[in-house]
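Taking it in order: structure first as structure tokens, then the write-up.
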Amino acid sequence: MRVLVVGSGAREHAIVLALAQDPAVTALACAPGNAGTAAVAEQHGLDVRDPRAVAAAAKTWAADLVVIGPEMPLVAGVADVVRAAGIACFGPGADAARIEGSKTFAKDVMAAAGVPTASAVTVDTPARLDAELAGFTPPYVVKDDGLAAGKGVVVTDDLDAARAHAMRLLEDGHPVLLESYLDGPEVSLFCLVDGPTVVPLMPAQDFKRVGDGDTGPNTGGMGAYAPLPWAPPDLVDDIVTRIVAPVAAELVARGTPFSGLLYAGLALTSTGPQVVEFNCRFGDPETQVVLPLLRTPLAGLFHAVATGTLDRQPPLEWSEGAAVTVVVAAHNYPGTPQLGDVVTGSEGEGVLHAGTRRRDDGAVVSAGGRVLSVVGTGADLAAARDDAYRRLEGVRLVGSHHRTDIALRAVQGEVAVPTPA
Ligand code: GLY
């Protein structure tokens, strides 16, 4: 099977590495890829938001399967055009990708499916903002209704800061979602979804704030770990039954079945799991810890979803042990990152590339806000965490920063699901 992966982050590097292990894969390409994926897959320069360009590249390369990593091309309808060109594609069409592309649409689907989520209102004009904000209590949650690479969300106790973020978005013409705050540890559950069929992967936790102790602004994600030693044993079944399967069924009922990876971002509150967000693709950096633990060959799973045969797949197989990833970010990320700095140590084991490119002189240089995702594995979470931070010591990037507390509270047994009062 010839597989073309679309995207250029550490998520795509993790996907490419997992596909490379699958004996069914005879050729691998990544478009546009990065300096890390170039070591494993052919690289093809491409504007991934251009559906016809992606379909044409897939056709020219004679791809049997196209796997679309990021949300932007999915929301732009790339999967629809690839499928229309007669090529199997892992990723939802534009109609189903609206579950991520519009938070208001996602809330509507959840309401129809009876799925627990934060109460919310959409504001599309500054004139309504103050009156709607007055209906909420701190912490205020203000979200860009559309795609914002994880950076459109502000959670703050400060009403003025909440208002200022909402005004900035509204003035840029973006509708805003105001939400009630959901307390409790967050969980990312990735599910392979093929119409009504839902196959959950292993749950993970990511760290969205830039600073240790969950401080500072939101980012695309600064680290992650899996599995969750503190999670109740029935957590995944409960989330699938009460949340993901009803949403998949609702999308089928609307005539826009989901095909691909449906990511449920949840808060485990004292009244049970509630949805923070749905995404229409694998999460980054959680993918970097989930895929190394999956033993079932990945290309076969993607192909089954893409061809409507997920319900005929045997149960997934997982390795024992744990994985932790720590993101190395460029100076000033999540603000405008400093780019073009030389990265050394990026060829080390477990070092996945995100925003990198190879300069003409052969040096690897930073080319994005999140530059590397360093993955450690081990027999348990503590060992995996030690491994990740040990590997990170071999990496050098001037001005870079990373969190030092990824998975720490879980290792110390300090994460707990709140119980009803
Ligand atoms: N880790 C958050 C995301 O992928 O959206």
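Positive-end ranking of PRO233, LEU316, GLY350 along the dipole of region 214-357, with charges on Cβ about the Cα centre, is headed by LEU316. Around the amide H of THR117, modelled in the peptide plane, lie the amide H atoms of VAL275, all under 5 Å away and 5 or more residues distant in sequence or on another chain.
Considering only protein heavy atoms and a probe of 1.4 Å, how much of the accessible area of region 7-104 is carbon and sulfur, as a whole percent? Write down the numbers at each step before the final one.
Working: 1880 of 3530 Å².
Looking at region 7-104 in its full context, I get 53 percent from C and S.
Assuming 0.890 mPa s and 25 °C, estimate D for region 67-226 with Stokes-Einstein, Rh taken as the Kirkwood radius over Cα pairs, in µm²/s.
Values: Rh = 17.4 Å.
Estimated via Stokes-Einstein, D reaches 141 µm²/s.
Computed from Cα atoms alone, the Kirkwood hydrodynamic radius reported for the chain is 21.6 Å.
Stick to the Cα atoms of region 209-318, pair each with every other, and give me the Kirkwood hydrodynamic radius in Å at one decimal. Computed over region 209-318, the radius equals 16.1 Å. For the chain, the tally of Lys pairs with Cα-Cα distances below 24 Å comes to 9, considering only residues 8 or more apart or on different chains. Seen from ALA367, the other residues with C-beta closer than 12 Å to its C-beta sum to a net charge of +3, counting Lys and Arg as +1 and Asp and Glu as -1. Just so you know, the averaged projected area of the alpha carbon convex hull for region 247-310 sits at 5.8 nm². Spatial offset of region 309-350 relative to region 106-156 amounts to 29 Å, using the alpha carbon center of each. Largest accessible area first, the residues VAL54, VAL75 order themselves as VAL75, VAL54 under a 1.4 Å probe with ligands, DNA and RNA left out. Normalised radius of gyration (Cα atoms, divided by 2.2 N^0.38 Å) for region 1-41: 0.99. A viscosity of 0.890 mPa s and a temperature of 25 °C, combined with the Kirkwood radius over Cα pairs in Stokes-Einstein, give a translational diffusion coefficient for region 353-421 of 170 µm²/s. Dipole magnitude for the chain: computed about the Cα centre from +1 point charges on Lys and Arg Cβ and -1 point charges on Asp and Glu Cβ, it is near 760 debye.
Ligands, DNA and RNA are left out, and with a 1.4 angstrom probe the accessible area of the chain is 39 Å² per residue. Reducing region 173-231 and region 1-68 to their Cα centroids gives an inter-centroid distance of 26 Å. For region 1-128, the Stokes-Einstein estimate of translational diffusion at 4 °C and a viscosity of 1.567 mPa s comes to 82 µm²/s, using the Kirkwood hydrodynamic radius over alpha-carbon pairs. Suppose R0 equals 22 Å. What FRET efficiency, 1/(1 + (r/R0)^6) with r the Cβ-Cβ distance, do THR271 and ASP237 give to the nearest 0.05? FRET efficiency, THR271 to ASP237: 0.80. Classify region 178-266 from the C-alpha gyration tensor, please: rounded if a/c falls under 1.5, else prolate or oblate depending on whether a/b exceeds b/c. Prolate shape, in that a/c is at least 1.5 and a/b is the bigger ratio.
Cα-based values for region 297-394, radius of gyration first and Dmax second, are 17.5, 49 Å.
The values are calculated or read from the model by the stated rules, or taken from the named source; none is laboratory data. Bear in mind the structure is a predicted one, so any value in this text is a computation, not a measurement. Note that each Cβ is placed from the backbone with ideal geometry, even for glycine, and that neighbours are counted across all protein chains shown. Keep in mind that these areas ignore ligands, DNA and RNA; they rest on the heavy atoms of the full protein, side chains included. Shrake-Rupley method; radii C 1.70, N 1.55, O 1.52, S 1.80 Å.
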